[in-house]
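Right, one structure below, let's go through it.
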Amino acid sequence: MSLKEKRVVVIGGTSGIGLSTAKAFLDESAQVIIASRSSSKLSDAKQTLGGNVETYEIDFRSEEKVADFFNKIGKFDHLVITAGDGAMGHFSELPVADVKEAFDSKFWGQYITVRKALPYLNQEGSITLTSGVYGIRPPKGASTLAAINSAVEGLVRGLAVDLSPVRVNVVSPGIVDTPMYAGMPEEQREEMYSGIAQQLPVARVAQPEDIAQSYVYLAKNGFTTGSVVLIDGGAHLV
Ligand SMILES: NC(=O)c1ccc[n+]([C@@H]2O[C@H](COP(=O)([O-])OP(=O)(O)OC[C@H]3O[C@@H](n4cnc5c(N)ncnc54)[C@H](OP(=O)(O)O)[C@@H]3O)[C@@H](O)[C@H]2O)c1
């Protein structure tokens, strides 16, 4: 299925996996619309991606803002969501408020966005959400992400049935070198990446481009729905 001139919306398309995904869709000659909260990230992304991209400032946790966004952009073909904040911390220590905040972002943000997108989405199009390998293989301190990612994958299976013939899938990445870890001191971050790389069968952490290809594949392959594409360098095996 060609993506040429198809309208693709990437929520979270200003950074990391989303930015690379926007680029990968542009390489397929799609028309790409990216959205996130920060106006400076939006203008940096527009510069990186080139003038062929529309940008919108939204917070996907707000039903009103998301509805307004889809109303502005009108009909489109494929929806990709990579936006979402998680929360790490031991189950008995992480404040419940932090857990709820993470659900508000990564679970409810994706839920609300799909809900508000529906009136504008081409019935021959697709929706691709994002979970993460911690859904099936959580290390210590990842119980919140295990719950959120599993909830997102469960939602996708239900949506694939409810929203048919629209196809609904989810990409589950392992550890990816993105600005999500920009808050860590560089030395600590590099140590974390190399520690993880040593354990992984592929012997490295992912780059965002590795993951971006999965979203393109799911948009193009008309026989995929309800699928979880696990792209984790073998993290689920170790
Ligand atoms: N990196 C990893 O190791 C890894 C592993 C497994 C799963 N994942 C998942 O992959 C997804 C993307 O991660 P990433 O590493 O690419 O993160 P990232 O580089 O931090 O990018 C996140 C993007 O989402 C946007 N965003 C965040 N909250 C938003 C909100 N409330 N409304 C609208 N946009 C919002 C951010 O822009 P603004 O700040 O401008 O809003 C940014 O564009 C996340 O769901 C993450 O949990 C990542």
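Condition first: charged (D, E, K, R), away from the ligand (no atom under 16 Å from the Cβ) and surrounded by 14 or more Cβ atoms within 10 Å (Cβ to Cβ). Now tell me which residues in the range 159-217 satisfy that.
ARG167
Does VAL156 satisfy the criteria of being under 16 Å from VAL10 (Cβ atoms) and either within 9 Å of the ligand (Cβ to nearest atom) or outside any strand (DSSP E or B) (or both)?
no
Give PHE91, PHE60, PHE103, PHE70 a once-over and let me know the one that is among the hydrophobic types (A, V, I, L, M, F, W, C), surrounded by fewer than 16 Cβ atoms within 10 Å (Cβ to Cβ) and either assigned to a loop (DSSP other than H, G, I, E, B) or out of contact with any His (no Cβ under 9 Å at 6 or more places or on another chain) (or both).
PHE91
I need every pair where a residue in the range 65-77 that is in contact (Cβ under 8 Å) with a residue 40 or more places away in the chain has its Cβ under 6 Å from the Cβ of a residue that is in a helix (DSSP H, G or I) and polar (S, T, N, Q), sequence separation at least 6 or different chains.
VAL66/THR113
Taking the condition of being surrounded by 24 or more Cβ atoms within 10 Å (Cβ to Cβ) and either basic (Lys, Arg) or modelled with pLDDT under 95 (or both), how many residues in the range 1-52 meet it?
0
Checking the condition in contact with a strand residue (DSSP E or B) (Cβ under 9 Å, 6 or more places away or on another chain) and either closer than 19 Å to HIS78 by Cβ or free of Cβ contacts under 8 Å to residues at least 40 places away in the same chain (or both), which residue from ILE175, ILE211, ILE196 passes? Before you say what the answer is, go through the steps one by one.
Values: ILE175 fails: either closer than 19 Å to HIS78 by Cβ or free of Cβ contacts under 8 Å to residues at least 40 places away in the same chain (or both); ILE196 fails: in contact with a strand residue (DSSP E or B) (Cβ under 9 Å, 6 or more places away or on another chain).
Among ILE175, ILE211, ILE196, only ILE211 is in contact with a strand residue (DSSP E or B) (Cβ under 9 Å, 6 or more places away or on another chain) and either closer than 19 Å to HIS78 by Cβ or free of Cβ contacts under 8 Å to residues at least 40 places away in the same chain (or both).
The values are calculated or read from the model by the stated rules, or taken from the named source; none is laboratory data. This is a predicted model, so every value here is computed, not measured. As a convention, Cβ positions derive from the backbone with ideal geometry for all residues, glycine included, and neighbour counts pool all protein chains shown.
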